[in-house]
Amino acid sequence: MRLRNFTLGAILMLALVGGKVMAQTSENSPRTSIELEHGAHRLGKRTDPMMERWRDYGLGQFIHWGVYSITAGKWEGKDYPGASSWIRSWSEMPGEDYDQLYKQFDPERFDPKAWAKQAKSMGAKYMIITAKHHDGFCLWPSEFTDYDIASTPYEKDLIGPMVEAYEAEGIDVYLYFSVMDWNHPGFRTELKTSEDREAYEEFKTFTRNQILELLERYPSTKGLWFDGTWDAAWKEQAGFADKLEAEMREMIPGIIIGSRFRPDDYGNRHFDSNGDLMGDYEQGWERKLPKTIEDVKGNDWDCVMTVPENQWGYHYDWKGHVKTSFELVEMLVKSVSLNGNFVLNFGPDRYGEFRNEERQLFKEIGDWMDVNQEAIYACGYLDWEKQDWGYYTKDRETGKIYMVVFNMPINGALRVKTPGKVQLDKVYELKDPSKVFTPEEIHQNEFFIHYSTEKASNSPFVIVIESSSMDAEGGKTYQKAKT
Ligand code: H79
């Protein structure tokens, strides 16, 4: 007993010392709340038009491009085993050598209009471009460093033409910015001495200047996608980061900034010390997906995904498993079914060209989207029990329900269970609306939709359900079945 009390006391002490007093949200104990100056400034989702627009995207394109594309993941004949954009941190490649690469950066085949057309053909509604990655190299001519595109043989701005070309195709542009910067002399991962602190103050000023410079140069930017904010030094910057985020929001009203930018008063990231999301959406699903709706805690979120296991920038050799368009489409649909956006990454080469595997994905995903996009855009979660054949999505405006089928049962019978009494008025195939199904009621609130297995599709397909007893709000009008 004494031991237990001691253990409990020690845990409590540790929790307090660590400043990690977590919120209690169980039904019995009321939510505890600690005073935070720089915690979440909003509870719940944003409901303004810019955020609604973000929520409707479904599919995005990520692009990692920079001087790391020159190394293509190898140095002096040796393959770097990690993500090629981290090669500068590899003991086999001296930092000084990496920092000279920009002198060779001359992407002469860069064709922003062709990039934008390709992204559109895939069905991407937004694009995130690495304006500055961890190495510190800037794809725009920056007033605040010479380590930028203006110092390369290419000389010309890369960001401006991309913004123009993508927007001309109706694709919104977001700028990726790594706070971590291996090129800036003031950057530190930890602040151990007063010299560190002094140097870091300069780095903070530089970071602020660059971020505001980007927003001033590219005012149609819809959002910033921050990265490289996990270091101890940055986790001490709650006040600075909070103020800077407010400045960004003032410069571009409605701008979208995820949860990976600022820490709270205790250095907690993404979720503050009360467990509330900081920023407009959860930016923590990197190369992974949530499993259930509970995992996303009622928040907006995005998933950024690589095609191979972990390559963002160009690597000459994609080792290991390379995801197929089937797998990627499944991830896209799963994301939408759980109220998230799916952002697929591409890494063009040093000349500005996409590798063949990526071109094939543009085509294959695009072909699928051409037929099935209605089940993606403006769609989200439906609270019907998930079935093994695939995923439901639901159009937030029209209330139409989509069954996206990935695993066809051998007998062709697709089970549908509804949480209450629901009228399935019209059930038909999205690709061919003349193909209408008459659901068989097998129990109360449980049906089979019989799909002909003879004409089995070789790609995931969609069945639409129109239901008059549903409203656009998510079926609030259900009547509970009597039991
Ligand atoms: O831009 C891509 C990556 O470079 C970047 N995000 C995507 C979009 C990224 N790389 N790693 N991370 C994000 C997560 C951070 C991992 C870390 Fe570590 C673990 C940082 C510190 C501990 C691994 C180990 C990297 C440094 C030490």
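The values are calculated or read from the model by the stated rules, or taken from the named source; none is laboratory data. Keep in mind that this is a model prediction, so the values were computed, not measured. Because the Cβ atoms are built from the backbone with ideal geometry, glycine has one as well, and the counts that use them run over all protein chains shown.
Observations on the model:
- Options 53, 109: the member that is away from the ligand (no atom under 13 Å from the Cβ), assigned to a loop (DSSP other than H, G, I, E, B) and touching a residue at least 12 places away in the same chain (Cβ under 8 Å): 109
- Some residue of region 80-90 being within 13 Å of the ligand (Cβ to nearest atom), among the β-branched types (Val, Ile, Thr) and in a helix (DSSP H, G or I): yes
- Evaluation of residue 189 against (1) within 16 Å of the ligand (Cβ to nearest atom); (2) surrounded by fewer than 19 Cβ atoms within 10 Å (Cβ to Cβ); (3) in a helix (DSSP H, G or I) (one fails), failing number: (3)
- Total residues in region 429-470, condition more than 12 Å from residue 405 (Cα to Cα) and not in a strand (DSSP E or B): 17
A quick yes/no check of all residues on (1) within 16 Å of the ligand (Cβ to nearest atom); (2) among the small types (Gly, Ala, Ser):
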residue: 211; (1), (2): no, no
residue: 252; (1), (2): no, no
residue: 275; (1), (2): no, yes
residue: 310; (1), (2): yes, no
residue: 313; (1), (2): yes, yes
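- Filter pass, residue 166 being under 25 Å from residue 341 (Cα atoms), within 16 Å of the ligand (Cβ to nearest atom) and surrounded by 15 or more Cβ atoms within 10 Å (Cβ to Cβ): no
- Taking each residue of region 148-162 that is part of a loop (DSSP other than H, G, I, E, B) and looking for partners that are acidic (Asp, Glu) and surrounded by fewer than 18 Cβ atoms within 10 Å (Cβ to Cβ) with beta-carbon atoms closer than 8 Å, six or more apart or interchain, yields 152/106; 153/106; 154/106; 154/108.
- Qualifying residues in region 53-94 (those that are touching a strand residue (DSSP E or B) at 6+ places or on another chain (Cβ under 8 Å) and farther than 30 Å from residue 255 by Cβ) - the one surrounded by the most Cβ atoms within 10 Å (Cβ to Cβ): 73
- Region 88-106, residues that are in contact with a helix residue (DSSP H, G or I) (Cβ under 9 Å, 6 or more places away or on another chain) and in contact (Cβ under 8 Å) with a residue 40 or more places away in the chain: 88, 89, 95, 99, 102, 103, 104, 105
- Matching residues in region 244-284 - criterion: being hydroxyl-bearing (Ser, Thr, Tyr) and surrounded by fewer than 19 Cβ atoms within 10 Å (Cβ to Cβ): 266
- Considering residues of region 226-239 that are closer than 17 Å to residue 174 by Cα and within 8 Å of the ligand (Cβ to nearest atom) only, the residue surrounded by the fewest Cβ atoms within 10 Å (Cβ to Cβ): 228
- Near pairs, Cβ below 7 angstrom, 6+ apart or cross-chain, from region 301-325 (of a type in the set (Val, Ile, Thr)) to any residue that is in a loop (DSSP other than H, G, I, E, B) and at pLDDT 95 or above: 306/287; 306/312; 307/323; 322/307
- Listed here are the helices (runs of 4 or more DSSP H) enclosed by region 221-337 that have at least 3 residues being among the acidic types (Asp, Glu): 238-251.
- Residues located in region 338-366, provided they are touching a residue at least 60 places away in the same chain (Cβ under 8 Å), part of a helix (DSSP H, G or I) and surrounded by fewer than 18 Cβ atoms within 10 Å (Cβ to Cβ): 359, 363
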